[in-house]
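Below you'll find the structure, written out as structure tokens, and then a few comments.
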């Protein structure tokens, strides 16, 4: 179930309460794995980490942390260089990261590596060397998308 549909079913007050619990759990995971919250995006987060392993561990822990709320999160990790824009970040790496996250299904984590950054068709074809730039996993229980 998508977050918009879930919000409509719950109503504004209950949806806001659910988001507040989600956000609190997410921030605990970010702190635990030394991530930096760049911004909350309504029903999601944009964060940076000092390495992909911490980002992946954070995403998998966050998926487990929100499960009791009957939520599933879609997570995308991209290892590219970001441009600093004050407290915000930008650049092609951020755009690719957003596409990676959007490509994940509920309860799924997708990981994309910078060396594939010129292959924008990465979801359709494996890399020339036979490796896949995408790692998938983590199917979890039913719930809303956050």
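The values are calculated or read from the model by the stated rules, or taken from the named source; none is laboratory data. As the structure is a computational prediction, the values presented were derived from the model and not from experiment. Quick reminder, even Gly has a Cβ in these numbers, built from the backbone with ideal geometry, and neighbours come from all protein chains shown.
Worth a mention:
- Conditions (1) farther than 18 Å from residue 105 by Cα; (2) surrounded by 19 or more Cβ atoms within 10 Å (Cβ to Cβ); (3) within 13 Å of the chain's Cα centre (by Cα): number failed by residue 40: (2)
- Check on residue 133, touching a strand residue (DSSP E or B) at 6+ places or on another chain (Cβ under 7 Å), assigned to a loop (DSSP other than H, G, I, E, B), at negative phi and modelled with pLDDT under 90: yes
- Each residue in segment 66-92 was checked for being assigned to a helix (DSSP H, G or I) and surrounded by 19 or more Cβ atoms within 10 Å (Cβ to Cβ), and 1 of them qualify.
- Close pairs (9 angstrom Cβ cut-off, 6 or more residues apart or separate chains): without any contact (Cβ under 8 Å) to a residue 60 or more places away in the chain and at positive phi in segment 29-43, surrounded by 12 or more Cβ atoms within 10 Å (Cβ to Cβ) and assigned to a helix (DSSP H, G or I) anywhere: 34/54; 34/58; 42/3; 42/19
Residue by residue, here is whether (1) at pLDDT 90 or above; (2) touching a helix residue (DSSP H, G or I) at 6+ places or on another chain (Cβ under 7 Å) holds:
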{"site": "44", "(1), (2)": "no, no"}
{"site": "53", "(1), (2)": "yes, no"}
{"site": "61", "(1), (2)": "yes, yes"}
{"site": "79", "(1), (2)": "no, yes"}
{"site": "109", "(1), (2)": "yes, yes"}
{"site": "118", "(1), (2)": "no, no"}
{"site": "128", "(1), (2)": "no, no"}
{"site": "137", "(1), (2)": "no, no"}
{"site": "145", "(1), (2)": "no, yes"}
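- Residue list for segment 39-58, filter: outside any loop (DSSP other than H, G, I, E, B) and under 22 Å from residue 16 (Cα atoms): 39, 40, 45, 46, 47
- In segment 1-28, the residues that are in a loop (DSSP other than H, G, I, E, B) and free of Cβ contacts under 8 Å to residues at least 24 places away in the same chain: 11
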